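The values are calculated or read from the model by the stated rules, or taken from the named source; none is laboratory data. Computed from a predicted model, the values in this text were never measured in an experiment. We place every Cβ from the backbone using ideal geometry, glycine too, and count neighbours over all the protein chains shown.
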Amino acid sequence: MAPKTNHSNTFIIFLLLTTTTFSNSTKLNNKTKPSLSDPTSLLAFKSKADLNNHLNFTTKTPFCNWQGVECNNEHKVIRLILRNLDLGGFFPSRTLSNLDQLRVLSLQNNSLTGTIPNLSGLFNLKSLFLDNNYFTGSIPFSIFSLHRLKTLDFSHNNLSGNIPTHFINVDRLYYLRLSFNSFNGTIPPFNQSSLKTFDVSGNNLSGAVPLTTALSRFQPSSFALNPNLCGEIIRRECRPSTPFFSPATPPTVGLNQSAKVHGLIRQPYGKKHDRRAVIIGFSTGIVFLLLSLACFAVVIKKQRKKKGKGTSGSSVMASDTAAATVEEAVVMQMEQERELEQKVKRAQVAKSGSLIFCAGESQVYTLDQLMKGSAELLGRGCLGTTYKAVLDNRLIVTVKRLDCAKMGGYVSKDVFERHMESVGGLRHPNLVAVRAYFQANQERLIIYDYQPNGSLFSLIHGSRSSRARPLHWTSCLKIAEDLAQGLSYIHQAWRLVHGNLKSTNVLLGPDFEACVTDYCLSVLTNPSTFDEVGDSAPYRAPETRNPNHQPTPKSDVYAYGILLLELLTGKYASELPFMVPGDMSKWVRSIRDDNGSEDNRMDMLLQVATTCSLISPEQRPTMWQVLKMLQEIKEIVLLEDSELDLRSSNAIAMS
């Protein structure tokens with residue numbers, strides 16, 4: 001019965017559209033007549049992809065008002081957002097690919113199966129989100145004919161095969177997520193300067209990560225959970241495979257390289273020069289021993305042969321004994337090498353005192369060097385005091401000294417260490433990296449990268465002597481997206497919570513990117529630490545103002561909404577009034593000095609802020625949803641700007 005109903009709907013829409021077009025023929029010219037191909041394509045897609053009948057495509061309304069559909073003035077579909085609808089079917093070919101004016105297509109977080117069809121007809125497509133479905137097969141090569149494509153998300157599917165090298169020819173590529181599939185083979189040498197988001201974690205990729213300028217910008221987490229990947233970027237040595245007929249020589253340990261990353265000088269694979277020299281020397285001695293034993297076995301065999309047949313059995317026995325001796329020596333060498341490696345590690349830990357470096361970090365300074373460095377007070381907060389420390393090797397780090405009196409022994413040493421191991425593993429361009437930590441008696445320190453461009457609080461509010469004007473809305477959008485990227489990573493990738501988000505805990509990186517700091521530390525303190533006074537109070541969600549309630553991802557979203565309002569208005573968080581959305585928009589416009597078109601764009605950001613700061617946590621979006629809202633705003637703005645440029649060009653041409 002279902003196919004019959006779908007054909008009936010198609011026919012009814014055909015009649016309605018034909019009648020509407022005919023009756024309004026005196027009002028519409030040829031350029032503004034609704035196209036039959038777009039609604040027909042949408043219905044054809046629904047018939048195969050929406051077996052659960054969740055899509056509200058009804059003939060009672062024009063197709064441009066259908067769920068998730070957005071059209072331009074010419075009644076052509078430009079955006080199709082059908083996410084989180086539990087679509088249960090497959091993506092049929094020759095349906096949505098007919099939408100030749102489509103800019104954004106999102107089918108994320110559904111239950112679509114099968115392969116991804118040929119999409120070459122979508123030659124205006126800029127953003128494609130097919131993540132969190134059950135697609136199988138390989139990446140269709142039709143993708144590479146879409147020359148306007150910038151954003152592509154195929155993550156969390158069952159795709160397989162190689163990552164096509166054709167990706168390196170997608171000049172405008174800005175965002176690529178292929179994580180958590182079954183891709184194999186090597187990573188192509190991506191080197192687009194436009195590439196800002198990249199993630200291939202959770203696959204079966206192998207070989208060295210290409211050392212390109214573009215890929216070097218991404219943290220090892222972008223390549224994680226690929227056991228056979230190696231290379232300098234992920235700080236894992238690529239060991240050459242041993243030939244079948246080569247001598248049993250142990251592989252060389254370590255590389256004589258070093259790299260300065262985010263203000264810390266570290267060796268990519270965490271192995272010191274002195275350790276390398278010791279191990280190579282030890283290995284050379286073992287090889288010499290093995291060769292000596294082999295020669296000894298050959299000499300014995302020759303001597304036994306001279307004694308004739310009567311001693312042939314003894315000759316074989318001696319040869320076997322020599323071979324066994326060689327094998328035992330190899331095993332012994334491996335055990336001694338492992339023991340030596342453990343001794344080196346213990347010596348390094350002892351040398352650095354109780355300063356514990358996070359996973360993947362080299363121990364490039366000791367606790368004594370850190371304590372002797374010159375210190376400059378940066379600020380005091382509810383968790384402790386923050387200093388800028390300059391070490392004798394000119395290395396600059398940020399040291400946070402936790403206030404153990406406020407923490408009140410809230411967590412044990414073991415709990416603190418386990419938690420810091422997790423937090424120390426977080427690596428994202430919009431998080432200030434934790435490099436090391438220390439605890440002894442009543443002292444706890446956390447060492448971060450130093451960020452030279454100050455805090456977002458200072459950028460928004462200026463110095464004490466002069467008040468800054470509200471930032472331009474484009475700067476607000478950029479900062480908002482940076483923060484959403486970092487928080488979404490904490491929430492989704494690691495299931496952790498920031499717990500103390502505020503403008504003083506957002507720092508500006510070398511390229512003035514917004515980077516979140518002091519994250520995931522709230523669980524280490526007594527909840528009463530965050531009382532109703534101080535600079536943290538305005539950011540606290542209503543449900544966490546009770547001292548017995550720990551922060552949650554939704555309380556982070558609330559704090560993000562307040563911070564975004566602070567960003568848009570230039571007002572301190574404590575000065576923000578409680579208003580209904582309409583009054584809030586008027587108030588914000590009275591503060592800012594935007595023109596008419598920028599007012600509309602600012603309103604879109606304001607809507608995100610007010611949605612995040614709703615009283616009920618159930619009504620707030622997730623950080624991942626917030627990130628997608630911001631990216632949609634960017635897409636809308638880019639579309640408006642391109643259409644404005646086109647109209648201007650046409651006007652100039654006509655004049």
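For residues in the stretch 400-427 being over 25 Å from the mean Cα position of the chain (by Cα) and aliphatic (A, V, I, L, M), which is modelled with the lowest pLDDT?
So, considering only residues that are over 25 Å from the mean Cα position of the chain (by Cα) and aliphatic (A, V, I, L, M), the one modelled with the lowest pLDDT is 407.
Can residue 233 be described as farther than 30 Å from residue 100 by Cβ, aliphatic (A, V, I, L, M), part of a loop (DSSP other than H, G, I, E, B) and in contact with a Ser or Thr (Cβ under 7 Å, 6 or more places away or on another chain)?
yes
Residues in the stretch 427-446: is at least one closer than 25 Å to residue 401 by Cα, without any contact (Cβ under 8 Å) to a residue 12 or more places away in the chain and basic (Lys, Arg)? Lay out the reasoning, then the answer.
From the stretch 427-446, those closer than 25 Å to residue 401 by Cα are 427-446; that's our starting set.
With the extra rule that they be without any contact (Cβ under 8 Å) to a residue 12 or more places away in the chain, the set shrinks to 441.
Among the residues that remain, those that are also basic (Lys, Arg) are: none.
Looking through the stretch 427-446, none of the residues is closer than 25 Å to residue 401 by Cα, without any contact (Cβ under 8 Å) to a residue 12 or more places away in the chain and basic (Lys, Arg).
Looking at 116, 163 in this structure, which one is among the β-branched types (Val, Ile, Thr), under 24 Å from residue 632 (Cβ atoms) and surrounded by 22 or more Cβ atoms within 10 Å (Cβ to Cβ)?
Numbers: 163 fails: under 24 Å from residue 632 (Cβ atoms).
So the residue among 116, 163 that is among the β-branched types (Val, Ile, Thr), under 24 Å from residue 632 (Cβ atoms) and surrounded by 22 or more Cβ atoms within 10 Å (Cβ to Cβ) is 116.
For the stretch 536-553, state whether one or more residues are under 25 Å from residue 624 (Cα atoms), modelled with pLDDT under 80, more than 25 Å from the chain's Cα centre (by Cα) and not hydrophobic (A, V, I, L, M, F, W, C).
Let us first name the residues in the stretch 536-553 that are under 25 Å from residue 624 (Cα atoms), namely 536-545, 549-553.
Still in the running and modelled with pLDDT under 80: 549.
Among the residues that remain, those that are also more than 25 Å from the chain's Cα centre (by Cα) are: 549.
If we keep only those that are not hydrophobic (A, V, I, L, M, F, W, C) too, we end up with 549.
Yes, that holds for at least one residue.
Select from the stretch 515-525 the residues that are assigned to a helix (DSSP H, G or I) and either crowded, with 21+ Cβ neighbours inside 10 Å or polar (S, T, N, Q) (or both) and list them in ascending order. Working first, answer last.
Kept after step one, since they are assigned to a helix (DSSP H, G or I), are these residues of the stretch 515-525: 522-524.
Result: 522, single match.
Among the residues of the stretch 599-625, what is the count of those that are part of a loop (DSSP other than H, G, I, E, B), β-branched (Val, Ile, Thr) and under 25 Å from the mean Cα position of the chain (by Cα)? Give the steps one after another, and end with the answer.
As a first pass, look at the stretch 599-625 and keep what is part of a loop (DSSP other than H, G, I, E, B): 613-616, 620-622.
Right, trim to β-branched (Val, Ile, Thr) and you get 615, 622.
Pick out the ones that are also under 25 Å from the mean Cα position of the chain (by Cα) and you get 622.
Residues that pass the stated criteria total 1.
Can you pull out the residues in the stretch 67-77 that are under 25 Å from residue 622 (Cα atoms) and outside any strand (DSSP E or B)?
In the first step, residues of the stretch 67-77 are kept if they are under 25 Å from residue 622 (Cα atoms); the result is 67-70.
Residues satisfying the conditions are 67, 68.
If we keep just the residues of the stretch 143-193 that are charged (D, E, K, R) and under 20 Å from the mean Cα position of the chain (by Cα), which is nearest to residue 215 (Cα to Cα)? I'd like the intermediate steps shown before the answer.
Going residue by residue through the stretch 143-193, those that are charged (D, E, K, R) are 148, 150, 153, 171-172, 177.
From the residues that got through so far, the ones that are under 20 Å from the mean Cα position of the chain (by Cα) too are 150, 153, 172, 177.
Numbers: 150: 17, 153: 17, 172: 15, 177: 13 Å.
Among those residues, the one meeting the criterion is 177.
Please find, among 591, 615, the residue that is surrounded by fewer than 16 Cβ atoms within 10 Å (Cβ to Cβ) and touching a Leu at 6+ places or on another chain (Cβ under 9 Å). I'd like the intermediate steps shown before the answer.
Working: 615 fails: touching a Leu at 6+ places or on another chain (Cβ under 9 Å).
Result of the check over 591, 615: 591.
Hey, does the stretch 140-148 have a residue that's crowded, with 22+ Cβ neighbours inside 10 Å and either part of a loop (DSSP other than H, G, I, E, B) or in contact with a Phe, Trp or Tyr (Cβ under 6 Å, 6 or more places away or on another chain) (or both)? Spell out the reasoning first.
Just the residues of the stretch 140-148 that are crowded, with 22+ Cβ neighbours inside 10 Å, to begin with: none.
No, every residue in the stretch 140-148 fails to be crowded, with 22+ Cβ neighbours inside 10 Å and either part of a loop (DSSP other than H, G, I, E, B) or in contact with a Phe, Trp or Tyr (Cβ under 6 Å, 6 or more places away or on another chain) (or both).
List the strands (runs of 3 or more DSSP E) that sit entirely inside the stretch 78-130 and contain at least 1 residues that are closer than 17 Å to residue 44 by Cα.
Working: elements: 104-106, 113-115, 127-129.
Correct list: 104-106, 113-115.
Given the options 194, 155, name the one that is touching a residue at least 40 places away in the same chain (Cβ under 8 Å), loosely packed, with under 15 Cβ neighbours inside 10 Å, assigned to a loop (DSSP other than H, G, I, E, B) and out of contact with any Pro (no Cβ under 7 Å at 6 or more places or on another chain).
Working: 155 fails: loosely packed, with under 15 Cβ neighbours inside 10 Å.
It is 194.
Take residue 472 and decide whether it is at pLDDT 85 or above and over 25 Å from the mean Cα position of the chain (by Cα).
Details: at pLDDT 85 or above: yes; over 25 Å from the mean Cα position of the chain (by Cα): yes.
Yes: the conditions hold for residue 472.
Go through the stretch 197-222 and count every residue that is of a type in the set (A, V, I, L, M), within 23 Å of residue 158 (Cα to Cα) and not in a loop (DSSP other than H, G, I, E, B). Explain how you work it out, then say what you get.
Of all residues in the stretch 197-222, those of a type in the set (A, V, I, L, M) come to 200, 205, 208-209, 211, 214-215.
So of that shortlist, the ones also within 23 Å of residue 158 (Cα to Cα) come out as 200, 205, 209.
Filter once more, keeping what is not in a loop (DSSP other than H, G, I, E, B): 205.
Number of matching residues: 1.
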